[in-house]
């Protein structure tokens with residue numbers, strides 16, 4: 001890391017969107033600085049097998065894919081900082097990006113801080129994440145062919161995940177803490193009419209069960225607690241999909257950038273432009289619909305091109 005503090009482009013975030021933006025910006029000779037945060041690679045670092053990213057015929061491990069991307073970006077001269085951005089000042093140009101006690105100046109900024117899956121918050125959930133527990137059916141559903149899987153949640157996300165999983169799993173059981181559902185009626189109707197899906201209400205997952213042999217972890221089931229009667233029961237299952245929503249990592253941009261009611265950044269249609277000129281958003285931080293590595297990478301490329309053209313227009 002050099003002593004330089006003024007950059008043409010600063011990229012905040014280091015998942016597929018941030019690294020791809022860095023790749024395009026570096027090759028355009030814009031010498032970007034990438035704030036990788038404390039979890040470089042984002043959500044893919046907790047994903048074991050990635051089989052739907054083009055270019056890897058036999059699949060690739062999530063952390064390995066991120067490392068390959070990082071090396072490719074590094075090859076073209078991007079700088080990296082293994083630290084979080086703690087504050088920003090977009091009130092005037094050039095912009096100020098603050099990391100703890102250090103200030104960095106940027107002519108343009110690309111935000112690719114991603115989103116985090118809302119999890120149940122139990123220790124065993126983290127232990128088996130990527131080994132039976134997942135927060136993305138379209139990413140991992142393929143690995144549960146002809147198996148029994150559980151989906152935790154009661155909103156549209158849970159219903160969508162459950163319906164999708166029936167393409168692969170032999171049985172899908174939705175676990176919901178209440179009788180009523182937050183999901184739309186049409187989504188709930190699709191679930192109730194699907195013969196592969198069962199619903200268990202007034203239940204919460206208290207523990208994820210599994211075995212660990214020779215360093216390999218395998219989920220075997222869960223312990224459920226009845227929210228009305230208080231009793232517990234064990235339920236065998238091969239997979240558990242947590243579908244209680246996602247939270248975009250946009251706390252430091254509140255009151256500065258336009259966002260929807262959930263916190264996803266709003267961009268101009270067909271672009272990555274935010275409401276502030278010179279600030280762009282890419283990846284899951286502005287995408288609550290697709291949330292895939294490939295779409296994040298695509299918008300990362302768009303953001304770098306948008307930023308490059310915007311910088312040229314300023315000159």
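The values are calculated or read from the model by the stated rules, or taken from the named source; none is laboratory data. Computed from a prediction, not measured in an experiment: that's the story for all the values here. Virtual Cβ from ideal backbone geometry, glycine too; neighbours counted across all protein chains shown.
Residue by residue through segment 78-95, note down the ones that are within 17 Å of residue 251 (Cβ to Cβ) and without any contact (Cβ under 8 Å) to a residue 60 or more places away in the chain. Within segment 78-95, 83, 84, 89 qualify.
So, in segment 258-279, of the ones that are on the phi > 0 side of the Ramachandran plot and without any contact (Cβ under 8 Å) to a residue 60 or more places away in the chain, which residue ends up farthest from the chain's Cα centre (by Cα)?
Residues of segment 258-279 on the phi > 0 side of the Ramachandran plot: 263, 270, 278.
Applying the additional criterion that residues be without any contact (Cβ under 8 Å) to a residue 60 or more places away in the chain yields 263, 270.
Values: 263: 14, 270: 21 Å.
Across segment 258-279, the extreme among qualifying residues is 270.
Scanning segment 192-224 for residues that are modelled with pLDDT under 95 and part of a loop (DSSP other than H, G, I, E, B), we see that the one that is nearest to residue 292 (Cα to Cα) is 215.
Which residues, taken from segment 239-257, are under 17 Å from the mean Cα position of the chain (by Cα), surrounded by 11 or more Cβ atoms within 10 Å (Cβ to Cβ) and not in a strand (DSSP E or B)?
Once the filter is applied, which keeps residues that are under 17 Å from the mean Cα position of the chain (by Cα), surrounded by 11 or more Cβ atoms within 10 Å (Cβ to Cβ) and not in a strand (DSSP E or B), segment 239-257 yields 243, 244, 245, 249, 250.
Looking only at residues of segment 146-175 that are under 20 Å from residue 131 (Cβ atoms) and part of a helix (DSSP H, G or I), we find that the one that is modelled with the highest pLDDT is 165.
crowded, with 16+ Cβ neighbours inside 10 Å, touching a helix residue (DSSP H, G or I) at 6+ places or on another chain (Cβ under 7 Å) and outside the structural domain of residue 39 (by TED's automatic domain parsing): which single residue out of 162, 78, 135 fits that description? Give the steps one after another, and end with the answer.
Values: 78 fails: outside the structural domain of residue 39 (by TED's automatic domain parsing); 135 fails: touching a helix residue (DSSP H, G or I) at 6+ places or on another chain (Cβ under 7 Å).
Step by step, each of 162, 78, 135 is checked, and only 162 is crowded, with 16+ Cβ neighbours inside 10 Å, touching a helix residue (DSSP H, G or I) at 6+ places or on another chain (Cβ under 7 Å) and outside the structural domain of residue 39 (by TED's automatic domain parsing).
Only one entry of 16, 63, 54, 32 meets the criterion of being surrounded by fewer than 23 Cβ atoms within 10 Å (Cβ to Cβ) and under 27 Å from residue 251 (Cα atoms), and that entry is 63. Residue 218 - would you say it is assigned by TED's automatic domain parsing to the domain that holds residue 141, closer than 30 Å to residue 172 by Cβ and either touching a residue at least 24 places away in the same chain (Cβ under 8 Å) or crowded, with 20+ Cβ neighbours inside 10 Å (or both)? So residue 218 passes the test.
Looking only at segment 289-310, how many residues end up being without any contact (Cβ under 8 Å) to a residue 60 or more places away in the chain and not in a helix (DSSP H, G or I)? Break it down into steps so the answer makes sense when it comes.
The first filter runs over segment 289-310 and keeps only residues without any contact (Cβ under 8 Å) to a residue 60 or more places away in the chain, leaving 289-290, 295, 302, 306, 309.
Checking which are not in a helix (DSSP H, G or I) leaves us with 289-290.
So the answer is 2.
Scan segment 225-238 and give yes if some residue there is outside the structural domain of residue 160 (by TED's automatic domain parsing), surrounded by fewer than 17 Cβ atoms within 10 Å (Cβ to Cβ), touching a residue at least 24 places away in the same chain (Cβ under 8 Å) and not in a strand (DSSP E or B), otherwise no. Within segment 225-238, not a single residue is outside the structural domain of residue 160 (by TED's automatic domain parsing), surrounded by fewer than 17 Cβ atoms within 10 Å (Cβ to Cβ), touching a residue at least 24 places away in the same chain (Cβ under 8 Å) and not in a strand (DSSP E or B).
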